[in-house]
Amino acid sequence: MSAPPLSLAERTAQRIRDQLIMGELVPGQRLSETACAEGLEVSRNTLREAFRILTKDGLLHHEANKGISVASPSMASIIDIYRVRRVIEVQAIRGSYAQHPALAAMEAAIAKAHRSAAECDWRGVGSANVDFHSAIVALSDSPRLATFYANLTAELRLAFGVIQDPEFLHAPFIPLNEKLLGLMKAAETEAAALMLEGYLDQSERMLIAAFSRSDAAKAAR
């Protein structure tokens, strides 16, 4: 049985969520209702409903008399995001097989990362890394997990957005992604799963260390 079609407000929320995932919106950024409605070509009533959806999801923040802004992550939310990522991504790899179509998407994401790095487009490298990990989740063949992970990814990208040195954050993971894909292609799934566990530990440590030095962390104190 197919899922019911999304409402216009839900589709609008998805478009804003995609902007968050791509790094086009940053933590703390104020969102003009008029400008967003015009840019997305929807009514203000539809936009308000989309804002409500994303506020409920923790991606936007509403403050009385100040309007809507992009949510800023906390240290606790970053730790929880990585806790969930370990459960989803590591298990997706353990249950995968070497000929899975998602491996082609992983390879395409690595190629995209290299192109972006060559142009010193580190936001683009971050987007490619998001694509790579979304492809890992696709190994599970679960549309529900993919939908859940998309929202998690938007939260993670908000955490990336507070880091002042995106090259430091993203560059080390291009060769790690290549090595992980190589293990997957060789059907060494357990080695790949163990590598991913260490990879996520490293990523979490780097992000927390950088976040603790960021303006967002200082503002939260």
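The values are calculated or read from the model by the stated rules, or taken from the named source; none is laboratory data. The structure presented is a predicted model; accordingly, all values stated were derived computationally and were not measured. With ideal geometry, Cβ positions are generated from the backbone for all residues, glycine too; neighbour counts draw on all protein chains shown. For the accessible areas, the whole protein counts, side chains as well, though only heavy atoms, and no ligand, DNA or RNA atoms are used. Shrake-Rupley method; radii C 1.70, N 1.55, O 1.52, S 1.80 Å.
Based on what the data block shows, is L158 under 22 Å from G23 (Cα atoms) and at pLDDT below 90?
Working: under 22 Å from G23 (Cα atoms): yes; at pLDDT below 90: yes.
Against the criterion (under 22 Å from G23 (Cα atoms) and at pLDDT below 90), L158 qualifies.
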Point to revise | Filter result for the condition that a residue is over 28 Å from M75 (Cα atoms), touching a residue at least 12 places away in the same chain (Cβ under 8 Å) and in a helix (DSSP H, G or I), over A146, A105 | key: A105
Check your understanding: Within region 111-119, is there a residue that is over 22 Å from I16 (Cα atoms), out of contact with any helix residue (DSSP H, G or I) (no Cβ under 7 Å at 6 or more places or on another chain), among the small types (G, A, S) and in a loop (DSSP other than H, G, I, E, B)?
Key -> no
**Study point:** In region 79-101, the residues that are open to solvent by less than 10 Å² (accessible area, probe 1.4 Å) and without any contact (Cβ under 8 Å) to a residue 60 or more places away in the chain
**Key:** A92
Revision key, fill the gap. Counting only residues that are in contact with a Leu (Cβ under 7 Å, 6 or more places away or on another chain), β-branched (V, I, T) and either surrounded by fewer than 19 Cβ atoms within 10 Å (Cβ to Cβ) or under 21 Å from R123 (Cβ atoms) (or both), region 9-41 contains a total of 1
Point to revise | Failed condition for R123, given (1) open to solvent by 40 Å² or more (accessible area, probe 1.4 Å); (2) out of contact with any Gly (no Cβ under 6 Å at 6 or more places or on another chain); (3) assigned to a helix (DSSP H, G or I) | key: (2)
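Answer yes if at least one residue in region 173-187 is among the β-branched types (V, I, T), out of contact with any Leu (no Cβ under 6 Å at 6 or more places or on another chain), closer than 22 Å to A111 by Cβ and in a helix (DSSP H, G or I), and no otherwise.
So the first thing to find is which residues in region 173-187 are among the β-branched types (V, I, T), and the list is 174.
With the extra rule that they be out of contact with any Leu (no Cβ under 6 Å at 6 or more places or on another chain), the set shrinks to 174.
From the residues that got through so far, the ones that are closer than 22 Å to A111 by Cβ too are 174.
Next cut, in a helix (DSSP H, G or I) only: 174.
Scanning region 173-187 turns up at least one residue that is among the β-branched types (V, I, T), out of contact with any Leu (no Cβ under 6 Å at 6 or more places or on another chain), closer than 22 Å to A111 by Cβ and in a helix (DSSP H, G or I).
I'm checking my understanding of the structure. Among residues of region 126-137 that are of a type in the set (A, V, I, L, M, F, W, C) and in contact (Cβ under 8 Å) with a residue 40 or more places away in the chain, which one is surrounded by the fewest Cβ atoms within 10 Å (Cβ to Cβ)? Quick ask: steps written out before the conclusion?
Within region 126-137, the subset of a type in the set (A, V, I, L, M, F, W, C) is 128, 130, 132, 135-137.
Filter once more, keeping what is in contact (Cβ under 8 Å) with a residue 40 or more places away in the chain: 130, 132, 136-137.
On the way: V130: 20, F132: 24, I136: 27, V137: 24.
The qualifying residue surrounded by the fewest Cβ atoms within 10 Å (Cβ to Cβ) is V130.
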